[in-house]
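Written out below as structure tokens is the structure these notes cover.
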Amino acid sequence: MSIRNMTLAGLFASLLAVSSQISIPLGPVPHTLQIFFVLLAGILLGGRWGFASVVVWIALGVFGLPVFTQGKAGLAALAGPTGGFLIGFALCAFFVGKSMERSNLGYFRTFAIMLAGLAIVYAVGLSGFMLSFQYFLHKPMTLEKAVAIAVAPFLPFDIVKTAMAAYLGNKIKRALERAGYGISR
């Protein structure tokens, strides 16, 4: 464990906390830049440390710091309708990071990997969304309704954020590697 990696994981946990508070209220759930920073954490920190940064952010929120969207905090945020998305963020950072550790890929391959990471977020998040309605709120929800509420309003914006993260992440990663600060496992 290097101090550099721990510092960078803490930095990205902080960036996630800040990005959670900057929101655009379009509909019942605001749009944030969380997925953008999750993807950047993966590509810039690698699988292990990208995952760690998201887990640190989640732990801070679970222990009561208002780091989630709209200043939410506590264990209820993890067990609520958006809890699956939080877990999906950690898995996404790990997947993107592991996929990008091995080589320098071009923009389109990076974008494809990040879209697969976004699909992981949506799959895990949608499962958690439906389970929270089923078991905590005692209101069964169909897959179609869950997709209409938890995926459809966010997908176009998340694809744009993913494209921006792929472009910026590739540029930053290459610059860091040229400067001798590439991902250290």
request  = Would you mind telling me which numbered condition in (1) exposed (fewer than 13 other Cβ atoms within 10 Å of the Cβ); (2) in contact (Cβ under 8 Å) with a residue 24 or more places away in the chain; (3) assigned to a helix (DSSP H, G or I); (4) of a type outside the set (Phe, Trp, Tyr) ASN104 fails?
outcome  = (3)
inquiry  = Considering only segment 67-85, I want to know if a residue exists there that is over 23 Å from MET6 (Cβ atoms), among the hydroxyl-bearing types (Ser, Thr, Tyr), open to solvent by 40 Å² or more (accessible area, probe 1.4 Å) and in contact with a Ser or Thr (Cβ under 8 Å, 6 or more places away or on another chain).
reply    = yes
remark   = Note: among ALA59, ALA13, ALA90, ALA79, just one is more than 12 Å from the chain's Cα centre (by Cα) and at pLDDT 95 or above, namely ALA59
request  = Take the residues in segment 108-155 that are of a type outside the set (A, V, I, L, M, F, W, C) and assigned to a loop (DSSP other than H, G, I, E, B), then tell me which one is least open to solvent (accessible area, probe 1.4 Å).
outcome  = PRO153
remark   = Of those in segment 159-185 that are more than 22 Å from THR7 (Cβ to Cβ) and touching a Phe, Trp or Tyr at 6+ places or on another chain (Cβ under 8 Å), the residue most open to solvent (accessible area, probe 1.4 Å) is TYR167
request  = Quick one: count up the residues across segment 3-50 that are open to solvent by less than 20 Å² (accessible area, probe 1.4 Å), farther than 19 Å from ALA165 by Cα and out of contact with any strand residue (DSSP E or B) (no Cβ under 6 Å at 6 or more places or on another chain).
outcome  = 1
Filter result (crowded, with 24+ Cβ neighbours inside 10 Å and farther than 12 Å from ALA13 by Cα) within segment 51-66 = none
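The values are calculated or read from the model by the stated rules, or taken from the named source; none is laboratory data. Since this is a predicted model, take the numbers as computed values, not measurements. A quick note on method: Cβ atoms are made from the backbone with ideal geometry, for glycine too, and the neighbour counts reach across all protein chains shown. With ligands, DNA and RNA removed, areas are computed over all heavy atoms of the protein, side chains included. Shrake-Rupley method; radii C 1.70, N 1.55, O 1.52, S 1.80 Å.
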